[in-house]
Amino acid sequence: MDGRIPAGPQVSAVRTWLLIAAMSALARLPLFGPVLLIVAAGVAWGFWQLAALSVLWMLPALRQVLLPDALPGRAVQPDDQPELAALVRDVAARTGFGAPLLVRILPEPVALTCRVRVTGGHAYVLLLGLPLVRALSATQLAAVIAHELAHQRHFDDRRSRALLAAHGALAERLEWRVRPLAPLAVPLLRATRPSFWHAELAADAEAARVVGGTAVREAVEQVAVIETAFGGIAQDWVEDLVEDGTYPVDLYEAFDLALQDPLVRNRAVHEDAEDQALDVHAAAAHPASAVRLAALPHSGSHAGYGSAPLGLRDAEAVARWCVERLACADEPGGTLQEGGGVRGSALRPEDLKPVRLLELDPDRFRLPADGGPGAAALRAATGQSSPVRALHAALDAVAAADWYRLARRIDSRLRWRPAAVRKAVGRQVLAGAMGATLAPVLLEAGWSYAGRWMSTVLRAPDGAVVDLYEVLVTAVDGGDPAPVHALLEKTGTQKAERT
């Protein structure tokens, strides 16, 4: 492409406000609809107490809708972080962003800009996740910042902000187990998607103008890897340790090392592609990485901000603050809510004991010797007490194209998934359970872990590295269990268990 972004979809203001009103009403109907019916019934039948109790029950939810949440994250003061502040100022000047801008650090790998009310008017807040600040080069971080600031120029009026808020609220309702509003909600979400996609691609094009297409391309790829790996590895570490009353003070140091492992990066790329393919409603407000990369102009890098990460002056204190927020959130890793709010916290840092993750035994975060819950679920679903026989039963189901029924026995929640993605999610469920079962069998036969961070990436006695999850997903997808049988044959258990 030549870098020119086509004109955005021309939608009248009246139609846009109608879409906003319809999406907002549908999003709030599951919350307020039943209450309003109870109130009406109470008034009609004279049960005033019932009506009053219903209104009182609704007040906390109404407060959450009407009142803004506190700003998330840790404030970045220019005197404390002069390098980061200078980078933000320079990028803001290059993008023509002249509004007041606050910068705050978040524990999660996110980047976004939001408009907030301050004394005397409005300002903007640039939220940067610490994992991105630590892992991206200064030039890549500049590309991320340029995208976020440019996005405000393309999508920063009252109507656009209302449209984005309504879209997000309605999309969240489709995550519920029961989705009675889906037939009405999905067409509305799809009708508004072109506007969002155009804004994102226009912001990418503007960022490419500022820092170069190469830097933006690298940033898009890197952010996707970091986000996926953090959700699949780092947050699991935090949740696991918090259950034992501890938290990892060196979480970000350990995650930096994990990101340097090609096995971790390769798995993150595959999982990111899988997750983006599960947009069952085709209504996501944010285009997939592949779409963004295809639309980027092929221009070189011309912004020399540096090829190394931008160091923070008080990096240790910032990292510790972020780790404490992750560990003390109601759901580790879930401090940032839709719209920028902050969840409440059930724990305090002093309730947990600090430990160094890198000094713990690597087996602490690996599969147990019996394969854990995944292997137990496969044995129960197949009715086999032996791991190898359970694997054979699963492979027979794959060969007979009857594996989805087995996946549903492993995870009954599949029935609540939208029909269009049940097979894709079921494939992940079955591959995960089979991987948890197969890994201990191979380890007992002389295989070893290929790295510190992955439980299902093993090294064969001949030195070959095998990602069991990829092998199993491919086998289920193609209905060909032969590669998995070949792995079992190498352990010497194939024939013995069959007989």
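Brief remarks follow.
- Net charge contributed by nearby residues that have their C-beta within less than 11 Å of Pro440 (K/R +1, D/E -1): -1
- Solvent-accessible surface of the stretch 115-249, taken per residue with a 1.4 Å probe and all protein chains present: 38 Å².
- Accessible area expressed per residue, the stretch 341-499, with surrounding protein chains retained (probe 1.4 Å, Å²): 50 Å²
- Solvent-accessible area, 1.4 Å probe, carbon plus sulfur percent, for the stretch 420-466: 49 percent
The values are calculated or read from the model by the stated rules, or taken from the named source; none is laboratory data. All of these numbers come straight from a predicted model, not from anything done at the bench. For neighbour counting, all protein chains shown are included, and Cβ atoms are generated from backbone atoms with ideal geometry for every residue, glycine included. The protein model used for the area step is the full one, side chains on, heavy atoms only, and it has no ligands, DNA or RNA in it. Shrake-Rupley method; radii C 1.70, N 1.55, O 1.52, S 1.80 Å.
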